Amino acid sequence: MARLSPLHLRVQCAIRQQQLLHPGQRLLVAFSGGQDSFCLLQILRDLQPRWGWQIFVLHCDHRWSADETECARFLQGWLQQQGLPHAVETADPIRRDEAGARAWRYQQLDKWARIWDCSAVVMGHTATDRAETFLWNLLRGTGAAGLSSLDWQRRLDDRDPTSAQVVRPLLGLYRWETEQFCQQHQLPVWPDRSNQDLAHCRNRLRLEVMPYLKQHFNPQLEAALNRAATLLQAEHELVVAQAAQLWQQVYEPALPGLRRDPLRAAPLALQRQVMFQFLSLVLPHHPTFEQVEAGIQLLKADRGSRSPDYPGGHWLEVKGDHLVCFH
């Protein structure tokens, strides 16, 4: 059995400390062909004799460019040479939309995780990705959930308890480390030319904003943002846990509605979490900050008061001691 490098040991330590994976598990690796996913796949293969994993690989081709389709063909040939069980999914023609592409990828990951009976989907996100995601979501005005969204593990589909667990064993590594690892192991990383296109805001953040902030404000910017995300994650988990207890006291499914008195007496952070959960339940889309705040205002409003109309023709109205959703 080959001796593990310090990088291997750090990833293995993270897997154990965060309880990401267990011996003998069937793993589906989300494989883009970039340096992070190549690093991830190689480390998992090197650890495989010690853990007894069965490894399966999925690559998704969005068909946004000829280069991306060429990448898919190259990776399929390389995976065949390596003898790795794999699949390549090709999207129907879709517009260049990051949110839509992500939703499609997650659908394919869910499908193949079920086909191969994999309980974990392993992704190659790094601490660099986490720092960029934190800053990107901060600029968009998201709350604690968004700022700490790129975590070590989560359910592939939050609405489906039978879906696989997404795990990110490389969140303790930085992008320069995965690049160095791929060079040392001579891995055939496919350069994604779209990552250099400044027309995409995330690329501009990565290539211009982050380097500027590191040069002029904090050379350890990535570490600082990761630390902030970790702190916020713990605090958000506490709020969610306490809100779940409050939910049992205030939610009236028959109406559907919320009891105002106990909710009004709770701290504002818990009010917002419960209101967000309630609106997520009754509205066709996740509620915005403004929509949550409109519901919060009704906790102290007079009887008969109502909110502005929500998407889908819904609104909230004060009925006695209850805040009721109408449609």
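Among the residues of the stretch 172-219 satisfying the criterion of being among the polar types (S, T, N, Q) and touching a helix residue (DSSP H, G or I) at 6+ places or on another chain (Cβ under 8 Å), which is farthest from residue 124 (Cα to Cα)?
Looking only at the stretch 172-219, we keep the residues that are among the polar types (S, T, N, Q), and these are 178, 180, 183-184, 186, 194-196, 203, 215, 218.
With touching a helix residue (DSSP H, G or I) at 6+ places or on another chain (Cβ under 8 Å) added as a condition, the list becomes 178, 194-196, 203, 218.
Working: 178: 10, 194: 18, 195: 16, 196: 19, 203: 18, 218: 25 Å.
For the stretch 172-219, the residue satisfying everything is 218.
Under 8 Å between Cβ atoms, which residue pairs at least 6 apart in sequence (or on different chains) link something in the stretch 252-264 that is at negative phi with a partner that is surrounded by fewer than 13 Cβ atoms within 10 Å (Cβ to Cβ) and in a helix (DSSP H, G or I)?
The qualifying pairs are 256/281; 264/300.
How many residues are within 27 Å of residue 74 (Cβ to Cβ) and of a type in the set (Lys, Arg) when one looks only at the stretch 1-55?
2
For residue 238, only one of the following conditions fails: (1) farther than 19 Å from residue 127 by Cα; (2) of a type in the set (A, V, I, L, M, F, W, C); (3) surrounded by 14 or more Cβ atoms within 10 Å (Cβ to Cβ). What is its number?
For residue 238, the exception is condition (3).
So if I check each of 232, 198, which one is without any contact (Cβ under 8 Å) to a residue 12 or more places away in the chain, open to solvent by 30 Å² or more (accessible area, probe 1.4 Å) and out of contact with any His (no Cβ under 9 Å at 6 or more places or on another chain)?
Result: 198 is the single residue among 232, 198 that is without any contact (Cβ under 8 Å) to a residue 12 or more places away in the chain, open to solvent by 30 Å² or more (accessible area, probe 1.4 Å) and out of contact with any His (no Cβ under 9 Å at 6 or more places or on another chain).
Would you pick out the residues in the stretch 275-298 that are touching a strand residue (DSSP E or B) at 6+ places or on another chain (Cβ under 7 Å) and either of a type in the set (A, V, I, L, M, F, W, C) or farther than 20 Å from residue 146 by Cα (or both)?
278, 282, 283, 295, 298
If you go through the stretch 107-130 one residue at a time, do you hit one that is farther than 20 Å from residue 155 by Cα and either without any contact (Cβ under 8 Å) to a residue 60 or more places away in the chain or in contact with a Phe, Trp or Tyr (Cβ under 9 Å, 6 or more places away or on another chain) (or both)?
yes
Can you name every residue in the stretch 68-109 that is open to solvent by less than 40 Å² (accessible area, probe 1.4 Å) and among the acidic types (Asp, Glu)?
Across the stretch 68-109, the qualifying residues are 68, 89.
Hey, does the stretch 35-48 have a residue that's touching an Asp or Glu at 6+ places or on another chain (Cβ under 7 Å) and surrounded by 20 or more Cβ atoms within 10 Å (Cβ to Cβ)?
The answer is yes, given that some residue of the stretch 35-48 is touching an Asp or Glu at 6+ places or on another chain (Cβ under 7 Å) and surrounded by 20 or more Cβ atoms within 10 Å (Cβ to Cβ).
Answer yes or no as to whether residue 247 is open to solvent by 40 Å² or more (accessible area, probe 1.4 Å) and of a type in the set (Phe, Trp, Tyr).
no
The values are calculated or read from the model by the stated rules, or taken from the named source; none is laboratory data. Everything numeric here is computed off the predicted structure, so don't read it as measured data. Because the Cβ atoms are built from the backbone with ideal geometry, glycine has one as well, and the counts that use them run over all protein chains shown. Note: areas computed on protein heavy atoms with side chains; ligands, DNA, RNA excluded. Shrake-Rupley method; radii C 1.70, N 1.55, O 1.52, S 1.80 Å.
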